[in-house]
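Take a look at the structure set out below.
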Amino acid sequence: MIRKCLFPAAGYGTRFLPATKAMPKEMMPIVNKPLIEYGVEEALEAGMTDMCMVTGRGKNAILDHFDMNYELEHQISGTQKETLLADIRAILDRANFTYIRQREMKGLGHAILTGRPLVGDHPFAVVLADDLCMHPEEGVLAQMVGLYKQFRCSIIAVEEVPAEETHKYGVIAGRMLTDRLICVEDMIEKPERGKAPSNLAIIGRYILTPDIFDILEKTPPGKNGEIQITDALLQQARTGCVLAYKFKGKRFDCGAVKGFIAATNYCYENFYLHGE
């Protein structure tokens, strides 16, 4: 049902300078696999096959990663090291990749709108590679696709965060439908300290209906002078329905050093040591 997944990947990654001065933040490795590859694997698990990348200047490493490297593959052909490429080869066999450039950094809403030519008039997922999500049985996107099949509306992933950290996130409030599902009634991007409507923070997983593009085109700049997806989603919630989902699993903020180290330790201990 949902075949397209949009990856906004044009940001500068300033929270991780100087590492990201010349290397895309999405290519920073968690153990031996770049962040964005984890996101693509999660999308594939959820049944998506069209990976739509919104990139920018200095992001060519992403394009090269999801492509053949004939010299390298010839060099290690027939050796034990060839098995190290099994995962990325499987991705290339299953997924299609398209790319478009975001020429100016005008916010996440603008990045998503930039991807409209790649997505077209279809419901689609959005993955922010900074947020690494893990669940041993069913990935976050797969969980959300199951909800979309039932409700056919935009769905955003949320998690509870400490009250003193709500100013770092988009924050939602609404009516509880179940212990994990909320009908969104309010949404604020990075509220001032002490003014958040709840402690439910939006993380980097979305399923969006295609009418969000028309809303984004009419959305004026908001917080920090950027076009915010939260402003567009609030408008969509007021005229239709937007659901927030308290997902099952772990989420690591890999755009910050603390989260990056935690994710690396988790993946090393749970996957790499066991040869998975």
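Between ILE100, ILE112, ILE88, which is surrounded by 13 or more Cβ atoms within 10 Å (Cβ to Cβ) and over 19 Å from ILE212 (Cβ atoms)?
Numbers: ILE100 fails: over 19 Å from ILE212 (Cβ atoms); ILE112 fails: over 19 Å from ILE212 (Cβ atoms).
Unique residue meeting the criteria: ILE88.
Of (1) under 19 Å from GLY255 (Cα atoms); (2) out of contact with any Phe, Trp or Tyr (no Cβ under 7 Å at 6 or more places or on another chain); (3) β-branched (Val, Ile, Thr), VAL126 satisfies all except one. Which?
Tallying (1) under 19 Å from GLY255 (Cα atoms); (2) out of contact with any Phe, Trp or Tyr (no Cβ under 7 Å at 6 or more places or on another chain); (3) β-branched (Val, Ile, Thr), VAL126 fails exactly one: (2).
Any residue in the stretch 188-208 that is of a type in the set (A, V, I, L, M), more than 21 Å from GLN143 (Cα to Cα) and not in a loop (DSSP other than H, G, I, E, B)? Explain how you work it out, then say what you get.
Let us first name the residues in the stretch 188-208 that are of a type in the set (A, V, I, L, M), namely 188, 196, 200-203, 207-208.
Now narrow it down to the ones that are more than 21 Å from GLN143 (Cα to Cα): 188, 196.
Imposing the further condition that a residue be not in a loop (DSSP other than H, G, I, E, B) reduces the set to 188.
Among the residues of the stretch 188-208, at least one is of a type in the set (A, V, I, L, M), more than 21 Å from GLN143 (Cα to Cα) and not in a loop (DSSP other than H, G, I, E, B), which makes the answer yes.
Please return the ranges of helices (runs of 4 or more DSSP H) entirely within the stretch 22-92 where 1 or more residues are under 17 Å from the mean Cα position of the chain (by Cα). It would help to see each step written out before you state the result.
Working: elements: 35-45, 60-65, 70-76.
Fully inside the stretch 22-92 and qualifying: 35-45, 60-65.
Every residue in the stretch 230-254 that is out of contact with any strand residue (DSSP E or B) (no Cβ under 8 Å at 6 or more places or on another chain) and surrounded by 22 or more Cβ atoms within 10 Å (Cβ to Cβ), please.
Scanning the stretch 230-254 gives a single hit, ALA232.
Can you find even one residue in the stretch 127-143 that is without any contact (Cβ under 8 Å) to a residue 60 or more places away in the chain, within 25 Å of ARG238 (Cα to Cα) and not in a strand (DSSP E or B)?
Scanning the stretch 127-143, I find no residue that is without any contact (Cβ under 8 Å) to a residue 60 or more places away in the chain, within 25 Å of ARG238 (Cα to Cα) and not in a strand (DSSP E or B), so the answer is no.
Quickly run through the stretch 147-192 and pick out the residues that are touching a Gly at 6+ places or on another chain (Cβ under 8 Å) and within 20 Å of ARG15 (Cβ to Cβ).
Correct list: GLU189, LYS190.
Can you tell me which condition LYS190 does not meet? The list is (1) surrounded by fewer than 16 Cβ atoms within 10 Å (Cβ to Cβ); (2) without any contact (Cβ under 8 Å) to a residue 60 or more places away in the chain; (3) not hydrophobic (A, V, I, L, M, F, W, C), and all the others hold.
(1)
Considering each residue of the stretch 160-187, count those that are more than 23 Å from VAL140 (Cα to Cα) and of a type in the set (Ser, Thr, Tyr), and give that number.
Total satisfying the criteria: 0.
Which one is farthest from ASP130 (Cα to Cα) among residues in the stretch 204-214 that are buried (at least 21 other Cβ atoms within 10 Å of the Cβ) and not basic (Lys, Arg)? Explain how you work it out, then say what you get.
As a first pass, look at the stretch 204-214 and keep what is buried (at least 21 other Cβ atoms within 10 Å of the Cβ): 204-208, 212.
Then drop every residue that is not not basic (Lys, Arg), which leaves 204, 206-208, 212.
Numbers: GLY204: 8, TYR206: 14, ILE207: 17, LEU208: 19, ILE212: 22 Å.
Of everything passing the filter in the stretch 204-214, ILE212 is farthest from ASP130 (Cα to Cα).
Within the stretch 11-40, track down each residue that is among the charged types (D, E, K, R) and crowded, with 18+ Cβ neighbours inside 10 Å. Can you show your working first?
We begin by selecting, within the stretch 11-40, every residue among the charged types (D, E, K, R); these are 15, 21, 25-26, 33, 37.
Within the stretch 11-40, LYS25, GLU26, GLU37 qualify.
Mind checking which residues of the stretch 25-53 are out of contact with any Leu (no Cβ under 9 Å at 6 or more places or on another chain) and closer than 17 Å to TYR99 by Cα?
ILE36, GLU37, VAL40, THR49 - these are the residues of the stretch 25-53 that are out of contact with any Leu (no Cβ under 9 Å at 6 or more places or on another chain) and closer than 17 Å to TYR99 by Cα.
Residues in the stretch 159-180: is at least one farther than 24 Å from GLY107 by Cα and within 21 Å of the chain's Cα centre (by Cα)?
Yes.
For the list (1) outside any strand (DSSP E or B); (2) surrounded by fewer than 21 Cβ atoms within 10 Å (Cβ to Cβ), I need the number of the one condition that ALA173 fails.
(1)
Name the single residue, out of those in the stretch 150-170 being under 20 Å from VAL126 (Cβ atoms) and polar (S, T, N, Q), that is surrounded by the most Cβ atoms within 10 Å (Cβ to Cβ).
Checked the stretch 150-170; the qualifying residue surrounded by the most Cβ atoms within 10 Å (Cβ to Cβ) is SER154.
Bear in mind these aren't lab numbers, they're just calculated from the coordinates by the rules spelled out. Since the model is a prediction, treat every value here as computed from it, not as a measurement. Positions of Cβ are generated from backbone atoms using ideal geometry, with glycine treated the same way; all protein chains shown enter the neighbour counts.
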